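Structure record follows, encoded as structure tokens.
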Amino acid sequence: MSASVVHTTGLTKRYGERVVVDHLDLDVPAGVVAGVVGPNGAGKTTTMRMLLGLARVSSGEGTVLGRPISRPASYLSRVGALIESPAFYPALSGRRNLAVHAAIGGIDPRRIPMVLERVGLADRADDAYRAYSLGMKQRLGIAAALVGDPALLVLDEPTNGLDPAGIRSMRDLVRGLADDGPTVLLSSHLLVEVQQVCDWLVVIDHGRQSYQGPVDGILAGAVTELAIAGENTSDIGIIRDVVDRLGYDVQAHSTGAGDLRVVVPSDADPTRVGAGINRAVAGAGITLARIDVHRPTLEERYLTLTKKSA
Amino acid sequence: MVGSFRAELVKIRRPATGYGALAMMAFAALATVLTFVAAKTGPARVSVKDPGGNIVTTLSQLGSAAGISRGYNVASGLIGLVVFVLFVTAITGEYAQGTMRVMLTREPRRARYLTGRLAALLLLVAVVLLAALVASIGAALISAQVRGVPTGQWFTSAGFGHVAGDYLNSVVTAACFGALGTALGLAVRSTPLALGVGLAWLLPIEHILQTSWSAAPQWLPGLLSDAVAVGGSVGVSYLHAVVAAVGYAFVAAVLGVAVFMRRDAST
């Protein structure tokens with residue numbers, strides 16, 4: 001049995017000849033907010049549907065909360081899910097819709113007012129679902145996922161279609177939920193969202209896993225660079241000689257406008273490296289117009305990973 | 001199964017269900033009144049035909065023990081279609097709304113989920129049919145006064161036996177059409193397609209086949225289920241109709257569950 005909340009080995013989903021999820025080895029530790037990111041059609045939702053027993057696994061195996069994914073009935077009572085989009089009975093109120101969930105799941109209906117309060121829907125709980133805004137529908141979806149007091153929360157693109165205020169509100173809600181205990185598995189194609197909410201990251205592209213680990217870890221292998229430009233573009237050769245003498249690695253290409261790209265050693269402070277170069281270049285009679293520290297972003301790393309995978 | 005049964009009851013408990021039940025009661029009462037209005041004078045045990053050759057109910061038949069639920073019996077002929085539409089839309093509506101996948105994350109044991117839901121729907125239908133029967137009997141009592149039909153034999157053990165038999169037949173018919181509607185809904189998942197195919201088969205196609213194939217009432221599921229509702233019909237005995245209709249319903253239910261369990265739960 002795995003200590004991970006979600007653990008899969010070679011998880012694969014095929015529709016005929018088309019491979020939608022290709023040998024995915026997931027390993028999501030307990031207590032984290034894990035972001036599953038990837039472009040549209042990468043296989044995020046299909047992966048979640050397999051974990052929730054909605055789609056058959058073509059090959060591979062795995063566990064959710066320590067139970068085999070081949071027997072979803074053994075663990076789904078401890079899982080809350082918002083999959084694809086919120087789906088409720090339009091004629092019933094939010095409260096009645098949650099009562100349906102409680103009844104089918106054998107859940108204590110006294111939890112309903114609590115989860116409605118938690119997602120900020122208590123005031124509109126008795127309105128028909130069809131009268132809800134998109135943001136309220138998403139919130140009711142979260143409430144339905146929470147009503148069973150889950151150990152694992154699976155949220156598929158919970159901010160889809162929301163306005164900026166709604167996205168922010170949903171982000172705060174998800175982060176708050178994670179602080180209360182359950183492990184959260186969240187799919188998104190919004191890197192900003194993932195960076196702000198998640199502490200564990202799984203990157204999927206074309207059904208394949210490109211990265212898995214802490215969010216900070218994805219940036220660990222990336223280099224920080226200094227972009228240096230002299231006052232005159234003709235100074236570039238002298239600046240390069242000075243930097244070479246200092247022993248720093250100069251990127252072969254110029255990024256335009258006379259810029260040099262200097263790789264900052266992984267154990268060095270970029271600001272100190274920049275100051276040293278500035279001092280040395282000044283000693284050679286050259287004035288620098290600009291020194292920028294360029295730290296790698298999650299977006300750049302993501303694009304690098306997904307490009308590699310493609 | 002208990003969970004999905006209770007969940008279905010939560011969904012059912014709303015004004016629209018009450019309006020539907022009232023409509024069924026009104027329909028049964030109307031059918032009963034029209035049966036009394038259209039009744040001709042004639043013997044109780046011999047079929048009387050109108051100028052068009054159709055068998056008509058006689059006032060003597062209405063005054064027999066079977067007369068108490070004669071109007072309900074006539075109305076039962078259409079119950080099958082109503083139940084068919086109800087069960088088809090109950091399944092395909094879940095796919096259209098996306099609620100099927102949500103419910104299956106709560107109750108992943110699909111056979112249990114389906115059984116619980118259908119049991120709740122069938123209970124609803126049975127209760128509505130009972131209400132329709134009561135409405136029909138009420139309308140029959142009033143209509144009997146107006147047409148001068150004696151009701152002395154209605155409230156005898158034979159009369160109550162007819163009431164129970166007609167009610168049971170309508171429930172069996174509902175179950176058969178419900179199973180057919182559910183299986184079709186699970187197979188095609190689309191409301192327009194399921195209703196289009198189902199109603200086209202049950203209404204024109206079976207009846208066209210009936211005109212050219214004399215054995216059609218003994219073999220076609222819609223005609224067989226209709227025959228159960230009215231306690232047997234011309235060309236098919238009651239026992240044959242029950243056995244064959246229940247057989248079709250059983251096969252449809254098994255195929256429906258098999259399809260439901262094997263397929264991915266997509267929208």
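Just a few scattered comments:
- Sparse packing (at most 16 other Cβ atoms within 10 Å of the Cβ) combined with a DSSP loop state is found for the following GluC sites (Glu not before Pro) in the stretch A:12-90: A:E17.
- A Förster radius of 30 Å combined with the Cβ-Cβ distance from A:D199 to A:R67 puts the calculated FRET efficiency at roughly 0.80.
- Per residue of B:2-12, other chain Cβ atoms within 10 Å of the residue Cβ number 5 on average.
- Computed over chain A with a Gaussian network model linking Cα atoms closer than 10 Å, the most mobile of A:D149, A:D172, A:D292 is A:D292.
- Considering only chain A, percent of DSSP beta bridges that pair antiparallel, nearest 5: 65 percent
- Within a Gaussian network of chain B (alpha carbon springs, distance under 10 Å), most fluctuating of B:V228, B:V163, B:V254: B:V254
- Build a GNM of chain B with springs between Cα atoms under 10 Å apart, and of B:Y72, B:Y167, B:Y113 the one that fluctuates most is B:Y113.
- Cα pair count fraction exceeding 23 Å, expressed as % - the stretch A:74-217: 34 percent
- Buried between B and A is an accessible area of approximately 2500 Å², summed over both sides with a 1.4 Å probe.
- Amide H contacts of A:G35 (H built 1.01 Å from N, in plane; Pro and chain starts excluded): A:L186, A:D199, A:W200, A:L201, A:V202 sit under 5 Å, all sequence-distant by 5 or more or on other chains.
- Share antiparallel - DSSP beta bridges, the protein assembly as shown, percent rounded to 5: 65 percent
- Tilt relative to chain A, helix A:134-146 - C-alpha long axis, 0 to 90 degrees, to 10: 70 degrees
- Helix B:157-188 axis, angle to chain B major axis (alpha carbon atoms, nearest 10°): 30 degrees
- With θ taken as phi - 60° and the Karplus curve 6.51 cos²θ - 1.76 cosθ + 1.60 applied, the whole-hertz 3J(HN,Hα) list for the stretch A:205-215 is 8, 6, x, 9, 8, 9, 7, 8, x, x, 4 Hz, x standing for glycine and proline.
- Backbone HN-Hα couplings from phi across the stretch A:267-277 [Karplus 6.51/-1.76/1.60, Hz, Gly and Pro as x]: 9, 9, 8, x, 5, 5, 4, x, 5, x, 5
- Projected label distance in nm at B:A119 and A:A128, using a 7 Å step from Cα toward the beta-carbon: 3.1 nm
- Average beta-carbon neighbours from other chains, 10 Å sphere, peptide B:104-114: 6
- Protection proxy ranking for B:206-212, A:47-53, A:128-134, using the average of other Cβ atoms within 10 Å per residue and placing the highest first: A:47-53, A:128-134, B:206-212.
- Inverse of mean 1/r across different Cα pairs in the protein assembly as shown, Kirkwood, Å: 28.7 Å
- Here is the size of the stretch A:192-310 from its Cα atoms: Rg then Dmax, 17.4, 55 Å.
- Computed from Cα positions, the angle between helix B:191-200 and the longest principal axis of chain B comes to roughly 40 degrees.
- For the stretch B:76-164, the normalised intensity computed at q = 0.14, 0.20 Å⁻¹ comes to -0.68, -1.01 (log10 of I(q)/I(0), Debye sum over alpha carbons, equal scatterers, no solvent).
- 5 angstrom amide H check on A:D249, placed H, neighbours 5+ away: A:V263
- Here's how it looks for B:K40: its modeled amide H is under 5 Å from those of B:T57, B:T58, B:L59, which are all 5 or more places away or on a different chain.
The values are calculated or read from the model by the stated rules, or taken from the named source; none is laboratory data. If you're wondering where the values come from, they're calculated on a predicted model, not measured in any experiment. Virtual Cβ from ideal backbone geometry, glycine too; neighbours counted across all protein chains shown. We work out accessible area using only protein heavy atoms, side chains counted, and drop any ligands, DNA or RNA first. Shrake-Rupley method; radii C 1.70, N 1.55, O 1.52, S 1.80 Å.
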